[in-house]
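Note sheet for the following structure.
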Amino acid sequence: MTKEQLTATIAQRVMCWTVSPDRFLTGNRSWIPRNRFRPTERVQDAFRLLAAIPTGEYSMGGAKGKPSWAKVRIGTSSAESSAPSLPLAICLAVAKALGIEVGACE
């Protein structure tokens, strides 16, 4: 799965957005371009994703020169992941908690 596919899947499942080829339809006749929401790359967008989870809990961390990690609980499901960047670790943990099969994220 590519980062773009992961972003689209998470936007649909967590943010409840409709995905189109060049934008996300956010509701109430509003939309944002796809390049404005990049939770696998921008920590602000990854935190926006976490804030959209109504019954979620999370923890995260990292150290210089080591992979970042994130643990997420959504309802009764929990998952953890590590990645070279914190935003990607958050997205991977959210995807795992939702039961989304990510495999290698490129």
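Any read-out appearing in this document is the output of simple, stated calculations on the displayed coordinates, not a laboratory observation. Please read these numbers as outputs of a predicted model, since none were measured by experiment. Because the Cβ atoms are built from the backbone with ideal geometry, glycine has one as well, and the counts that use them run over all protein chains shown.
Each residue in I100, I90, I74, I10 was given a count of other beta-carbon atoms within 10 angstrom of its own, and listing them fewest first yields I100, I74, I10, I90. Under a 5 Å amide H cut-off, with hydrogens placed 1.01 Å from N, F24 pairs with I32, R34 among residues at least 5 apart or on other chains.
Pop the C-beta distance of L25 and K64 into the FRET formula with R0 = 41 Å and round what comes out to the nearest 0.05. Here the calculated transfer efficiency is 0.55. Here the stretch 3-97 has an Rg and Dmax of 13.1, 43 Å, counting Cα atoms alone. Counting only residues at least eight positions apart within a chain, or on another chain, the aspartates and glutamates with an alpha carbon under 12 Å from that of K96 are E80. In the stretch 4-41, whose amide N lies under 11 Å from the spot 7 Å out along Cα-to-Cβ of E101? List them in ranges. The answer is none, because no backbone nitrogen lies closer than 11 Å to the label point.
The HN-Hα couplings worked out from phi for the stretch 18-33 by the Karplus form 6.51 cos²θ - 1.76 cosθ + 1.60 (θ = phi - 60°) are 8, 9, 10, x, 10, 7, 10, 8, 8, x, 6, 6, 10, 7, 9, x Hz, whole numbers, x standing for Gly and Pro. Taking 0.36 nm per residue of separation and subtracting the current Cα-Cα distance, fully stretching the chain between I32 and Q44 would add 2.8 nm.
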